[in-house]
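Visitor: Take this structure, written in structure tokens, and hold onto it; I'll ask about it next.
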Amino acid sequence: MNKERDDVQKLKEMVEAFGRLKAELSKTIIGQEKVIEQLVIAMLARGHALLVGVPGLAKTLLIRSLAEVLDLSFSRIQFTPDLMPSDITGTDIIEEDHTTGKREFRFVKGPVFANIVLADEINRTPPKTQAALLEAMQEHRVTAGVESYVLEEPFFVLATQNPIEQEGTYPLPEAQLDRFMFNLRVEYPSRDEERKIVEQTTSATAVELKKILDRESILDYQDLVRRVPIAENVINYAVDLVGRTRPDTEDAPDYIQKWVAWGAGPRASQYLILGAKTRAALNGNATPSIEDVKAVALPVLRHRILSNFNAEADGISVDEIIKKLL
């Protein structure tokens, strides 16, 4: 009973902290409320997020600002075609002990050893280097030689990708995209938002962001999200929704069989439930509803459904297919 009371109190604290976090981010980020909410959902659900948007939409600024309001270590990796896996994970160097003259290897940790890692333009680097980061994302550890190094929790990777400039890029394969909990689309601001952005960024005023959440609080909230109870009908809805994305199943609608080559796997069902639990908790609800599942369906499913030539010929996007399913 005490545990339940503690959880209710913690839930109130989390809602209040989320409100303060959004207010603090609004000092540097104009608009993008939905993207901010989804980034926080991914972090508290122990997932990773991929942000896709054209240049100049403040994707990097948003992630850097999020890192500033969280009392966590942060590193940024600018992905380039000549980046090597060791540039991300770290490397062994030979070090000489001046007293004994003995030489030995010492591991120098790379930028992946941080709580929040910004992988800027992840599609600009070759598959070998992408794989080094994706392995760390999946295993939460780095292997160098015969040694294995555990990454400190929480560990959260935010990758950005430019969808329009594809020359000289290495798009992530579908199997590797599956490592990301969310695929978030960063849209253009409205006219009023753009006016405020221009006004704010062309003045001499410097904005300082306050720390809102520390490492221990985030780890507590991540555990709390896992303990949120969920009704059987909500789980059934999520599993059935993912099942209907697979064209070779009996439940698949005609348009799925016509437009989809591959549907989403079981990881989509897991992330729909974790996303729904986190969203419900952030809104102060004790248990998620089907509406919470629907709210996270687009970012969870859009990179897990592979449309075919028929969809392309009909001018149908993956987002439209998901909306039709919902």
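Visitor: Classify segment 1-110 as rounded, prolate or oblate, taking a ≥ b ≥ c as the square roots of the eigenvalues of its Cα gyration tensor: rounded when a/c is under 1.5, otherwise prolate if a/b is larger than b/c and oblate if not. Please list the in-between numbers first.
Guide: Details: a/c = 3.10, a/b = 1.61, b/c = 1.93.
In terms of gyration-tensor shape, oblate.
Visitor: Arranged by the count of other C-beta atoms within 10 angstrom, fewest first, what order do V300, V242, V8 take?
Guide: Fewest-to-most Cβ neighbours within 10 Å comes out as V8, V242, V300.
Visitor: If I take every Cα pair under 8 Å that is 6 or more residues apart in segment 107-175, average their sequence separation and divide by the length, what percent do I get for the relative contact order?
Guide: 46 percent.
Visitor: Got a sec? How would T245, T287 order by Cβ neighbour count within 10 Å, fewest to most?
Guide: Working: T245 25, T287 14.
With the fewest neighbours first, T245, T287 line up as T287, T245.
Visitor: Separate question: Which aspartates and glutamates, on any chain, are close to K10 with Cα under 13 Å apart, when same-chain ones fewer than 8 places away are left out?
Guide: Leaving aside aspartates and glutamates fewer than 8 places away in the same chain, those within reach of K10 are E216, D220, D223.
Visitor: Less than 22 Å apart at the alpha-carbon level, and either on another chain or at least 8 residues along: which lysines does that give for K109?
Guide: The reachable lysines, counting only those whose Cα sits under 22 Å from K109, are K128.
Visitor: Return the long-range amide H neighbours of A261 (sequence gap of 5 or more, or a different chain), with a cut-off of under 5 Å between placed amide H atoms.
Guide: L306, S307, N308
Visitor: Give the residue list of GluC sites (Glu not before Pro) in segment 134-223 that are DSSP loop and have at most 11 other beta-carbon atoms within 10 angstrom.
Guide: Working: sites: E135, E139, E147, E152, E165, E167, E174, E187, E193, E194, E199, E208, E216; in loops: E152, E165, E167, E187, E208.
Passing sites in segment 134-223 are E167, E208.
Visitor: I need the trypsin sites (Lys or Arg not before Pro) found in segment 96-129, filtered to DSSP loop residues with at most 12 other beta carbons within 10 Å of theirs.
Guide: K102
Visitor: Right, something else. Under the rule a/c < 1.5 gives rounded, and otherwise a/b versus b/c splits prolate from oblate, where does segment 2-227 land using the Cα gyration tensor?
Guide: Details: a/c = 1.76, a/b = 1.28, b/c = 1.37.
Oblate is the answer for segment 2-227, as a/c is 1.5 or above yet b/c matches or exceeds a/b.
Visitor: With contacts defined as alpha carbon pairs under 8 Å and 6 or more residues apart, what's the relative contact order of the chain in percent?
Guide: About 21 percent, as a whole number.
Visitor: So what's the back-of-envelope 222 nm ellipticity for the chain, counting only DSSP H runs of four-plus at -39500 (n - 2.57) apiece and dividing by all residues, rounded to 500?
Guide: Roughly -14000 deg cm²/dmol at 222 nm, from the helical runs in the chain.
Visitor: I'd like to verify something in the chain: which complete DSSP H helices, judged by Cα projection on the helix axis, reach 20 Å or more and average at least 0.5 on the Kyte-Doolittle scale?
Guide: Correct list, ordered by number: empty.
Visitor: Work out, step by step, the length gained on full extension between E194 and A286: first 0.36 nm times the residue separation, then minus their alpha carbon distance; give nm to one decimal.
Guide: Contour length minus Cα-Cα distance gives 29.4 nm.
Visitor: Report, in listed order, any pair from K34/K323; K22/K323; K59/K196; K22/K210; K59/K324; K22/K211 with a Cα-Cα distance greater than 19 Å.
Guide: Details: K34/K323 17 Å; K22/K323 27 Å; K59/K196 17 Å; K22/K210 12 Å; K59/K324 29 Å; K22/K211 12 Å.
Table pairs above 19 Å Cα-Cα are K22/K323; K59/K324.
Visitor: Can you give the FRET efficiency to the nearest 0.05 for K323 and E232, using r as the Cβ-Cβ distance and R₀ = 35 Å?
Guide: So the FRET efficiency works out to roughly 0.85.
Visitor: In whole angstrom, note down how far apart the Cα centers of segment 257-299 and segment 40-63 are.
Guide: 18 Å
Visitor: Any aspartates and glutamates with Cα under 20 Å of the K27 Cα? List them, leaving off those in the same chain fewer than 8 positions away.
Guide: Counting by Cα, and skipping residues close in sequence, K27 has these aspartates and glutamates nearby: E16, E37, E68, D71, E187, D192, E193, E194, E199, E208, D214.
Computed from the coordinates by the stated procedures, all read-outs in this text should not be read as laboratory data. Computed from a predicted structure; not experimentally measured. All Cβ positions, even for glycine, are placed from backbone atoms using ideal geometry, and neighbour counts span all protein chains on display.
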